[in-house]
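The values are calculated or read from the model by the stated rules, or taken from the named source; none is laboratory data. For clarity, every value in this text was computed on a predicted model and none was experimentally measured. Virtual Cβ from ideal backbone geometry, glycine too; neighbours counted across all protein chains shown. Remember, those area values only see protein heavy atoms, side chains included, never the ligands or the DNA or RNA. Shrake-Rupley method; radii C 1.70, N 1.55, O 1.52, S 1.80 Å.
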Amino acid sequence: MNELSNESSPYLLQHAQNPVHWKAWSRDSLNKAESLNQLIIISSGYSACHWCHVMEHESFEDQDVAHVMNTHFVNIKVDREERPDVDAVYMKAVQIMTGRGGWPLNVVCLPDGRPVWGASYVPKKEWISYLTQLAEMFKSTPEKLFEYAERLHNGLNSISIIEAPFQQSSFQIDLEALVDTWSRSFDTEFGGYGRAPKFMMPTDHVFLMNYGVLNQDQKVIDHVNLSLTRMAWGGLFDTVGGGFSRYSVDMKWHVPHFEKMLYDNGQLVSLYSDAYKLTKNTIYKNVIEKTLSFIDRELSNADGGFYSALDADSIDDNEKLTEGAYYRWNQPELKAILKDDYALFAEVFNVNDFGYWEDGYFVLIQSEPLDELARRNRITPLELSEKKQAWEKMLFDHRSNRQRPRLDDKCLTSWNAIMLKGFVDAYQALDDQQYLNRALANAAFIKQNLSKNDGGLLHNHKDGKSNINGYLEDYAAVIEAFLSLYRVTFDPSWLTEAKNLADYCFKYFYDEKAGFFSFTSKLDESLISPHFEIEDNVIPASNSAMASNLLTLSTLYNETGYENVVSRMLGHIIPNIDYPSAYSNWLSVFLRLQNSTEIAICGSDAIKAISKLKEFYLPNLTVAGSTTQSNLPFLSDRFSNDSTLYYICKNKSCDLPKNNFDDALTELLKVINR
């Protein structure tokens with residue numbers, strides 16, 4: 001056992017029995033490298049990562065590899081989910097060096113932590129060769145490595161430090177032209193983008209759906225619906241047990257890398273909930289219900305918290321750890337389970353060339369609407385739908401006897417908050433009280449286990465311990481989640497919690513010179529380079545998420561300072577957008593700033609009114625309300641004992657109040673689409 005046996009991270013514990021003398025990331029580990037004057041290997045990954053497992057088995061479990069690493073290097077293993085700050089800085093360095101990134105992330109550094117070489121997965125033979133050469137170079141010509149490290153470090157700082165001046169007039173953009181250019185990369189057959197591997201990119205679809213509705217652009221709305229439908233049909237979505245895998249390796253959403261991540265499923269529940277409110281498409285409802293059932297069954301603890309992930313790999317029939325073994329099917333197996341229904345099942349789920357994966361196995365994928373399949377087989381859509389549900393139950397029961405994928409049972413604050421919001425959004429879309437109850441239970445879990453005495457947040461929780469200071473992503477996600485709870489409950493305590501956390505971020509994360517929030521707190525020790533998370537990815541950038549939160553808080557608290565910060569941030573971002581997918585949440589913020597709608601609901605029927613309002617898709621709407629007199633600035637002097645009043649505002653300019661819900665709703669829909 002190496003030193004990782006003392007850690008709680010499931011990923012680090014997976015490496016605890018490697019012959020490599022792994023250490024966890026810490027100041028002591030870095031100090032040891034400097035005191036010994038040894039190169040450092042920093043290897044970053046996560047528990048559900050397939051290629052991380054491959055490299056561990058090939059190299060880190062091998063005695064010859066371990067001898068090279070232990071002799072010449074101080075070896076540090078990093079769980080990228082526990083230490084996203086470390087991973088982000090060294091990922092940027094590798095991207096500068098190689099033009100690409102990925103996990104496992106392997107970086108060789110000087111004793112002071114500055115990187116000199118990096119790669120992702122490396123086969124055993126090449127790994128030994130690279131390490132041997134680097135060790136020899138450090139011994140014979142260290143000045144070459146120091147010179148390269150200095151140049152690389154300067155390059156890393158040049159892309160990490162924000163110095164561009166703010167110009168108020170510069171953050172204008174022609175959204176119509178931008179979306180038109182963007183649409184040329186859309187896959188018109190399967191949705192998403194016309195490339196593989198294929199990621200779901202929820203933030204992109206949120207912006208496109210908002211934009212499409214607000215600008216009455218049916219082509220954009222159709223693309224979103226095509227994407228969501230094809231994603232729901234694909235092997236990417238586990239139609240048997242619910243939940244989405246991280247991405248598909250092909251163009252048709254068919255064969256995934258089978259790991260299931262909490263952050264994907266939380267965001268996708270929110271996305272499908274909004275899409276269901278817009279379309280009332282029962283496919284979307286089915287996805288929401290199945291995914292939340294999966295979360296409750298597989299990724300929930302007894303205290304209201306959510307676990308991080310299920311592994312891509314599981315034990316197959318030959319007792320080998322194999323990617324996708326839990327989810328794949330062969331024909332003899334399916335015929336034995338489905339009997340007389342096999343032929344129809346095979347047509348619905350493409351047990352054919354379209355659905356074939358490899359080695360005689362299939363990944364279930366639908367490619368046609370059930371209505372069309374029912375018509376062709378001369379049964380009613382209802383009959384086929386009922387058959388489909390029965391088949392999925394049979395396969396679920398059969399699959400439950402297989403060895404399950406490994407669970408990463410740590411709880412991360414940001415990911416929990418993303419899932420919390422998913423439950424809130426599902427509650428709004430489907431009006432199911434149990435979803436709101438789950439959200440409230442998770443909020444209590446966050447407050448109980450992930451809050452600090454000084455008002456801040458911690459990042460992680462496992463086995464009763466929370467020991468990593470929160471990152472900006474944690475604050476951004478929790479603020480957004482608490483704002484979503486306020487929106488459906490009108491409980492002012494959630495609003496107060498959200499504002500307090502935002503103010504904490506200004507105290508400990510905001511960089512006045514840069515005009516952005518640092519990813520790490522001022523209370524944390526500095527890394528080799530500052531990190532401002534700016535670009536949106538599968539998860540929105542923490543700065544863009546904070547900008548969205550600040551717009552909401554600015555409106556509700558009449559805090560113009562918040563909005564000025566958002567404007568300054570957009571002034572940096574908007575003129576430099578060259579690839580919209582990397583800034584889609586910023587574009588959503590820009591859309592809100594340019595085209596916002598607000599409603600204040602004040603009176604004894606406020607809770608009843610918000611309950612009716614929540615089922616409608618209302619983009620860029622800020623909602624506040626109270627059943628009593630409120631001191632919230634947005635609600636000030638708007639309460640009446642005589643009736644419930646509805647104040648509808650466009651870009652903070654308000655009309656006279658309505659006193660009838662139906663009239664208010666009609667007016668609200670007009671104002672949003674004005």
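Sorting check: for 437-448, 44-55, which peptide has the highest mean count of neighbouring beta carbons within 10 Å, and how do the rest follow?
So the peptides 437-448, 44-55, ranked by packing, come out 44-55, 437-448.
Which of the pairs 32/320; 77/410; 260/465; 92/447; 277/652; 280/499 have their Cα atoms more than 27 Å apart in this structure?
Pairs exceeding the cut-off: 32/320; 92/447; 280/499.
Tell me the per residue accessible area of the chain using a 1.4 Å probe; a whole number in Å² is fine.
40 Å²
Tell me the relative contact order for region 518-664 as a rounded percent, counting alpha carbon contacts under 8 Å between residues six or more apart.
Relative contact order here is 20 percent.
Restricting to Cα pairs below 8 Å that are 6+ residues apart, what does the relative contact order work out to for the chain? Please round to a whole percent.
12 percent
State the extension gain, in nm to one decimal, for the chain segment bounded by residue 31 and residue 400, taking 0.36 nm per residue of separation less the distance between their alpha-carbons.
The residue 31-residue 400 span can extend by a further 128.1 nm.
I need the peptides 652-659, 130-137 ranked by packing, meaning the mean over residues of other C-beta atoms within 10 angstrom, with the highest value on top.
Highest-to-lowest ranking by the protection proxy: 130-137, 652-659.
Scale the Cα Rg of region 332-405 by the rule-of-thumb value 2.2 N^0.38 Å and send over the ratio, two decimals.
That ratio works out to 1.13.
What nm value, rounded to one decimal, do you get for the distance between residue 359 and residue 21 when each label is placed 7 Å out toward the C-beta?
3.7 nm
Taking the highest mean first, how do the peptides 31-39, 305-313, 7-15 order by number of other beta carbon atoms within 10 angstrom per residue?
Those peptides, ordered most packed to least, come out 305-313, 7-15, 31-39.
Defining a contact as two alpha carbons under 8 Å apart and six or more residues distant in sequence, what relative contact order in percent does region 411-554 show?
21 percent
What is the percent of Cα-Cα separations in region 293-444 that go past 26 Å?
45 percent
Treat each spin label as a single point 7 Å out from the Cα along the C-beta direction, and report the residue 567 to residue 281 distance in nm.
Spacing of the two 7 Å Cα→Cβ label points: 3.9 nm.
Quantify, in whole percent, the carbon and sulfur part of the accessible surface of the chain (1.4 Å probe; protein heavy atoms only).
47 percent
At what distance in angstrom do the alpha carbon centres of region 291-336 and region 473-495 lie from each other?
So the two Cα centres are separated by 32 Å.
Rg (Å, one decimal) plus Dmax (Å, integer) for the alpha carbons of region 188-283?
Expressed in Å, the Cα Rg and Dmax of region 188-283 come to 12.6, 37.
Rounded to the nearest 0.05, what FRET efficiency is calculated for residue 628 and residue 172 with R0 set to 35 Å and r the Cβ-Cβ distance?
Efficiency, rounded to the nearest 0.05: 0.25.
Bins of 5 Å, beginning at zero and ending with the bin holding the largest distance: percent of Cα pairs per bin for region 1-53, please.
Reading upward from the zero bin: 4, 20, 26, 26, 16, 7, 2, 0.
Apply the Debye scattering formula to region 101-140, with a single equal point scatterer on each alpha-carbon and no solvent, then give log10 I(q)/I(0) at q = 0.17, 0.26 Å⁻¹.
Debye output, listed in q order: -0.47, -0.96.
Which three lengths, in whole Å and largest first, does region 356-486 cover when its Cα atoms are put on their principal axes?
Principal-axis extents of the Cα atoms in region 356-486, largest first: 66, 38, 23 Å.
Starting from the Cα coordinates of region 1-102, work out the convex hull volume and express it per residue in Å³.
Per residue, the Cα convex hull of region 1-102 comes to 105 Å³.
From zero outward in steps of 5 Å, how is the percent of C-alpha pairs of region 561-626 spread across the bins?
All Cα pairs, binned at 5 Å, distribute as 4, 14, 19, 17, 14, 12, 10, 6, 3, 1 percent.
Among 158, 120, 588, what's the order by accessible area (1.4 angstrom probe), most exposed first?
Ranked list, largest accessible area first: 158, 120, 588.
What three numbers, in Å, describe the spread of the alpha carbons of region 444-518 along their principal axes, ordered from the longest?
If we take the Cα atoms of region 444-518, the spans are 37, 33, 18 Å.
Provide, as a two-decimal number, the C-alpha radius of gyration of the chain over 2.2 N^0.38 Å, N being how many residues it has.
0.99
To the nearest 500 deg cm²/dmol, what mean residue ellipticity at 222 nm is calculated for the chain from DSSP H runs of n ≥ 4 alone, each contributing -39,500 (n - 2.57), summed and divided by the residues?
Here the helix-only value at 222 nm equals -15500 deg cm²/dmol.
How far apart, in nm, are two points set 7 Å out from the Cα along the Cα-to-Cβ line at residue 57 and at residue 215?
4.8 nm
Taking R0 as 45 Å, what's the FRET efficiency between residue 608 and residue 577 from their Cβ-Cβ distance, rounded to 0.05?
Once the sixth-power term is evaluated, E becomes 0.60.
Report the rotationally averaged projected area of region 103-212 based on its alpha-carbon convex hull, in square nanometres.
One quarter of the hull surface, i.e. the mean projection, equals 11.7 nm².
D for region 372-431, whole µm²/s, Stokes-Einstein with Kirkwood Rh over alpha-carbon pairs at 20 °C and 1.002 mPa s: what number?
Diffusion coefficient, whole number: 138 µm²/s.
Mean 1/r over all different Cα pairs, inverted: what Kirkwood radius does region 496-626 give, in Å?
16.2 Å
Above 25 angstrom, tally the Cα pairs of region 558-674 and express them as a % of all pairs, no decimals.
Of all Cα-Cα distances in region 558-674, 32 percent exceed 25 Å.
Figure the gain on full extension for residue 493 and residue 342 (residue separation times 0.36 nm, minus the Cα-Cα span) and round it to one decimal in nm.
Difference between extended and current length: 48.9 nm.
So between residue 196 and residue 465, what do we pick up on full extension, going 0.36 nm a residue minus the alpha carbon distance?
92.9 nm
Any cysteines in the chain with zero other Cys Cβ atoms under 4.7 Å from their Cβ? List them, or say none.
Lacking a cysteine Cβ partner under 4.7 Å: 109, 411, 505, 602.
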